[in-house]
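These notes concern the structure reproduced below.
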Amino acid sequence: MKKKKESKKMKDTKQQWFKDAKFGLFIHWGLYALLAGEYNGRKTDRIAEWIMNDLDIPVEEYEKLASQFNPVEFDAEMIVRKAKEWGMKYIVFTSKHHEGFAMWDSKCSDYNVVKATPYGRDIVRQFREACDKYDMKLGFYYSQAQDWHDPDGYIHRKDNSKKNYRAYLERKCFPQLRELLTEYGDVALIWFDTPMGTTKEESQEMVDLVKSLQPNCIVSGRIGNELGEYMTTGDNFIPRLPYEGDWEVPATLNDTWGFNKDDHKWKDPEEIIRLLVKINSRGGNYLLNIGPEASGHVPDESVRILDEVGKYVNENEEAIFGTKRVGIYAYELDWGMLTRKDHKLYVHVFKPRRRVELINIANKITGAYLVADKRELEFKTSMTCEGNSAIDVELPEDYFDRKYFSVCLEMEEEEPIFEPIIG
Ligand code: FHN
């Protein structure tokens with residue numbers, strides 16, 4: 001009974017920046033980028049960063065990849081600057097993914113980017129410096145339980161019964177978390193992932209460790225055992241309804257996180273914009289991924305898509321950042337979506353139209369303007385001939401053929417008042 005009650009508790013990071021952020025950049029990068037979805041002529045048909053596990057590559061073979069890792073095109077500054085241009089408010093970088101390879105100069109495992117590669121430079125530090133330069137929040141993904149390199153780390157779909165998980169935690173997980181949280185400045189969040197057999201006590205130890213070193217560092221939902229400070233949805237899964245509290249949707253631009261040379265199933269920019277607005281409208285943050293190539297180059301297609309998305313985000317930033325979840329409006333609009341702030345209802349318009357027409361909203365509307373250039377718009381409120389309350393906002397002529405823009409309706413009341421459908 002008690003457990004049920006706990007699980008219903010609203011998640012609260014107590015960090016205003018996270019509540020306001022709405023859009024972040026996930027970066028999956030590790031040795032798996034070298035394989036790019038293919039090992040010894042065999043291709044994985046799953047997410048590329050899982051190739052070691054899915055194609056059963058022995059540890060002794062996989063770890064040899066480190067000697068080839070030399071990402072001469074890697075440019076942390078360029079990535080962070082781009083994220084800033086795309087309107088993103090935080091970056092989460094895979095410091096150690098399930099493969100077990102540390103992308104920083106770890107003191108407790110030589111299986112790391114400084115000691116085991118010809119490149120020899122600390123990637124995490126480069127992100128830290130670039131994020132400081134561009135005033136960007138930086139968080140670290142850390143695979144706490146799955147570690148396919150450490151003999152005592154968990155491995156999904158394998159027999160873990162003989163492992164000494166405690167030994168792994170003390171030898172690698174806890175010391176590495178300590179390194180990340182003491183040597184790399186203010187860590188915005190630790191993005192734990194796949195807790196597997198981690199007990200509630202062990203998850204609590206991780207939380208306590210994080211909080212003892214950096215009290216403001218947020219712990220992601222995937223810490224497991226309901227100890228996360230926000231809810232992380234399933235990958236690419238969007239809650240159907242508005243959801244209370246702090247939450248985030250981790251999502252891909254194509255069908256993989258780590259780089260896969262054969263995955264060309266890119267979502268188009270308009271789809272990404274609609275997903276962003278939908279998630280924001282329901283109260284969440286969208287953590288959208290790029291998977292750099294082994295050279296450090298960010299796939300051109302990712303940049304092209306995000307450049308387009310960034311235009312919308314920047315033009316309409318007022319209607320995105322700092323918005324709150326919208327309650328349930330009686331209608332699903334096939335041409336747009338709603339976001340809101342106190343006294344403001346934003347209508348995101350995705351299809352061309354002459355005017356923005358909404359019905360069954362009972363607020364007193366005091367003004368309307370185009371979000372992009374703050375141009376005031378004429379509006380009227382009335383009753384339709386069917387008997388519904390109606391708001392009509394006239395769009396200017398130069399907008400008749402436009403799509404992907406937003407309109408703000410100023411309301412006397414703090415929140416929208418949605419009426420039920422009657423009759
Ligand atoms: O197994 C990982 C996967 O590789 C990727 O990192 C995603 C991102 O949310 N998390 C796990 C699966 O949910």
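Selection of first residues in the stretch 33-47 that are at positive phi and within 15 Å of the ligand (Cβ to nearest atom) and of second residues that are assigned to a strand (DSSP E or B) and of a type in the set (D, E, K, R), restricted to Cβ pairs under 6 Å at least 6 apart or on distinct chains, gives the following pairs, ordered by first then second residue: 37/43. For the stretch 193-213, check the following and say yes or no: at least one residue is over 21 Å from the mean Cα position of the chain (by Cα) and within 13 Å of the ligand (Cβ to nearest atom). Yes, there is a match, as at least one residue in the stretch 193-213 is over 21 Å from the mean Cα position of the chain (by Cα) and within 13 Å of the ligand (Cβ to nearest atom). Might you check whether a residue that is crowded, with 19+ Cβ neighbours inside 10 Å and among the acidic types (Asp, Glu) occurs anywhere in the stretch 249-272? Yes, that holds for at least one residue. Taken over the stretch 120-144, residues that are surrounded by fewer than 22 Cβ atoms within 10 Å (Cβ to Cβ), out of contact with any strand residue (DSSP E or B) (no Cβ under 7 Å at 6 or more places or on another chain) and of a type outside the set (Phe, Trp, Tyr) amount to 10.
For (1) more than 15 Å from the ligand (Cβ to nearest atom); (2) touching a Cys at 6+ places or on another chain (Cβ under 8 Å), each residue gets a yes or a no:
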| position | (1), (2) |
| --- | --- |
| 101 | no, no |
| 133 | yes, no |
| 143 | no, no |
| 147 | no, yes |
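Residues in the stretch 103-131 that are touching a Lys or Arg at 6+ places or on another chain (Cβ under 8 Å), more than 16 Å from the ligand (Cβ to nearest atom) and of a type in the set (A, V, I, L, M, F, W, C): 104, 108, 113, 114, 130, 131. For the stretch 149-174, the set of residues classified as away from the ligand (no atom under 16 Å from the Cβ) and either loosely packed, with under 15 Cβ neighbours inside 10 Å or assigned to a strand (DSSP E or B) (or both) consists of 151, 159, 161, 162, 164, 166, 167, 170, listed by residue number. Of the strands (runs of 3 or more DSSP E) lying entirely inside the stretch 359-407, those containing at least 3 residues that are more than 35 Å from the chain's Cα centre (by Cα) span 379-383, 389-394. The residue list 255, 186 contains one member that is within 16 Å of the ligand (Cβ to nearest atom), of a type in the set (D, E, K, R) and either closer than 27 Å to residue 22 by Cα or in a loop (DSSP other than H, G, I, E, B) (or both), which is 255. The selection criterion, being in contact with a Pro (Cβ under 8 Å, 6 or more places away or on another chain), closer than 30 Å to residue 226 by Cβ and in contact (Cβ under 8 Å) with a residue 24 or more places away in the chain, holds for residue 29.
Of all residues in the stretch 138-158, those that are of a type in the set (S, T, N, Q) have Cβ atoms under 7 Å from Cβ atoms of residues that are more than 12 Å from the ligand (Cβ to nearest atom) and part of a loop (DSSP other than H, G, I, E, B), 6 or more apart or on another chain, in 144/198; 146/153. Residue 95 is checked against (1) more than 14 Å from the ligand (Cβ to nearest atom); (2) of a type outside the set (A, V, I, L, M); (3) touching a Leu at 6+ places or on another chain (Cβ under 8 Å) and fails just one. What number does that condition carry? Condition (1) is where residue 95 drops out.
Here the condition is being more than 12 Å from the chain's Cα centre (by Cα), within 12 Å of the ligand (Cβ to nearest atom) and touching a residue at least 40 places away in the same chain (Cβ under 8 Å); of 296, 245, 291, 283, it holds for 291 alone.
Within the stretch 91-119, restricting attention to residues that are part of a loop (DSSP other than H, G, I, E, B) and of a type in the set (A, V, I, L, M, F, W, C), the residue that is surrounded by the most Cβ atoms within 10 Å (Cβ to Cβ) is 101. Scanning the stretch 236-252 for residues that are in a loop (DSSP other than H, G, I, E, B), under 21 Å from residue 9 (Cα atoms) and not hydroxyl-bearing (Ser, Thr, Tyr) turns up 237, 238, 239, 240, 241, 242, 244, 245, 246.
Values in this text are rule-based calculations from the coordinates and carry no lab data. All figures in this text were calculated on a predicted structure; none of them were measured in a lab. FYI the Cβ positions are ideal-geometry reconstructions off the backbone, even for glycines, and counts take in every protein chain you see.
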